[in-house]
1. Of everything in segment 252-263, what is open to solvent by 10 Å² or more (accessible area, probe 1.4 Å) and of a type outside the set (Gly, Ala, Ser)? Give them in sequence order.
2. Of all residues being surrounded by fewer than 19 Cβ atoms within 10 Å (Cβ to Cβ) and out of contact with any Asp or Glu (no Cβ under 7 Å at 6 or more places or on another chain) in segment 69-81, which is farthest from residue 281 (Cα to Cα)? Just the residue, please.
3. When the residues of segment 264-297 are filtered to those that are of a type outside the set (Lys, Arg) and on the phi > 0 side of the Ramachandran plot, which remaining residue is surrounded by the most Cβ atoms within 10 Å (Cβ to Cβ)?
4. Of everything in segment 52-88 that's assigned to a loop (DSSP other than H, G, I, E, B) and more than 21 Å from the chain's Cα centre (by Cα), which residue is nearest to residue 113 (Cα to Cα)?
5. In segment 125-146, which residues are surrounded by fewer than 21 Cβ atoms within 10 Å (Cβ to Cβ) and part of a strand (DSSP E or B)?
6. How many residues does segment 1-39 hold that are assigned to a strand (DSSP E or B), open to solvent by less than 20 Å² (accessible area, probe 1.4 Å), farther than 14 Å from residue 285 by Cβ and not polar (S, T, N, Q)?
7. With the condition kept exactly as written, say whether any residue in segment 213-221 is part of a loop (DSSP other than H, G, I, E, B), in contact (Cβ under 8 Å) with a residue 40 or more places away in the chain and open to solvent by less than 60 Å² (accessible area, probe 1.4 Å).
8. So, in segment 57-68, exactly how many residues are open to solvent by 40 Å² or more (accessible area, probe 1.4 Å) and in contact with a strand residue (DSSP E or B) (Cβ under 7 Å, 6 or more places away or on another chain)?
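The values are calculated or read from the model by the stated rules, or taken from the named source; none is laboratory data. Since the structure is predicted, the reported quantities are computational estimates derived from the model, not experimental observations. Here the Cβ positions follow ideal geometry from the backbone for every residue, glycine too, while neighbour counts run over all protein chains shown. Accessible surface areas use protein heavy atoms only, side chains included; no ligands, DNA or RNA. Shrake-Rupley method; radii C 1.70, N 1.55, O 1.52, S 1.80 Å.
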Amino acid sequence: MIEVQKIAELTGHGNPIFTAELSQKPGILFTGGNDKGVVEWSLKDNSFIKVMFPVPASVYAIHCPEGYPYMFVGLRTGDVTVFDFIQQKVVKVLKHHTKPVFDVKSIISKKELLVASEDGSVTVWSLDTLEHLHTIQVSGDTIRCIAVSTQKKHIAFGCRDNSVKIYDMDDYGYITSLHEHTMAVFSVQYSPDGSYLLTGSRDAQLKVWDTNSYTLLQNIPAHLFAINNIAFHPTRPYFATASMDKSIKIWDAHSFKLRKIISREKGIPSHVLSVNKLVWNGDNLISVSDDKAVLIWQVNFA
């Protein structure tokens, strides 16, 4: 039986929050959204620290790659701002895309950064030099999300044309496309062992794919509205989904059975608008929403 308790509500954002990311430094969270700044929070005492730096447009993605002193911030303008923690300042703006950047991920083994945009392309950048290396034209339409499986050496891109495109991690060669969703794909996540891929869409369906053959294993009508994000627990066999229907759901990562619903309908003081992003910090689950709140949930898996 999973029990949840809201242990903190971090307030300060004046507009919807679209993304959140743990810092490389333990106990620090970054959030960004529609209010022109990246915010730093302490998870040790659940308090506001500071606005890291101003940005000229909405923030759709924040990424802090392990082993590097950088935070990459993907903007609605198409730029990616690079903040250096050692110098405590913005050191570069990665300029290539002219349409919004929706996701940023890294492949540490290759020392490369992936940037996905509304223009349908993914740019590859060097994490060492911050120079542009390649551009992959993945789709004719928006790419919303990226997942990397280091076990399978595959990359999944969730696209607005309802498809998921699978590429080879080593040479960025195209492998296959998955076409079972009926609306834009907003979230993709490989299981920690790489054995399956989860995809969540605006069609409210959660799909489970075998990563050997990319055949559909299961379709779960998981939410009432769009699935905005999927997040695996770092050590336990569970994952959580966030939805435009204002709910958060926790699932068994082996049986795919629903184990807990966090929502106002269930009598839990949760978000009142779309839940956009989830981050696990140990057994605490952090959620951000269009309602401008950052909520921290203590999850008891007893």
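1. 252, 254, 256, 257, 258, 259, 260, 261
2. Checked segment 69-81; the qualifying residue farthest from residue 281 (Cα to Cα) is 77.
3. Only one residue tops the list, namely 282.
4. Just the residues of segment 52-88 that are assigned to a loop (DSSP other than H, G, I, E, B), to begin with: 55-58, 64-69, 76-79, 85-88.
Adding the requirement that they be more than 21 Å from the chain's Cα centre (by Cα) leaves 56, 85-88.
Working: 56: 22, 85: 17, 86: 19, 87: 20, 88: 21 Å.
Ranking the qualifying residues of segment 52-88, first place goes to 85.
5. Matches in segment 125-146: 126, 132, 133, 134, 135, 136, 137.
6. Taking segment 1-39 and keeping what is assigned to a strand (DSSP E or B), we get 3-10, 17-22, 28-33, 37-39.
Those left that are additionally open to solvent by less than 20 Å² (accessible area, probe 1.4 Å): 8, 10, 17, 19-20, 28-33, 37-39.
Going one step further and asking which of them are farther than 14 Å from residue 285 by Cβ, we end up with 17, 19, 28, 30-33, 37-39.
Applying the additional criterion that residues be not polar (S, T, N, Q) yields 17, 28, 30, 32-33, 37-39.
Number satisfying all stated conditions: 8.
7. Looking only at segment 213-221, we keep the residues that are part of a loop (DSSP other than H, G, I, E, B), and these are 213-215.
With in contact (Cβ under 8 Å) with a residue 40 or more places away in the chain added as a condition, the list becomes 214.
Then drop every residue that is not open to solvent by less than 60 Å² (accessible area, probe 1.4 Å), which leaves 214.
Looking for residues that are part of a loop (DSSP other than H, G, I, E, B), in contact (Cβ under 8 Å) with a residue 40 or more places away in the chain and open to solvent by less than 60 Å² (accessible area, probe 1.4 Å), one finds at least one in segment 213-221, hence yes.
8. 1
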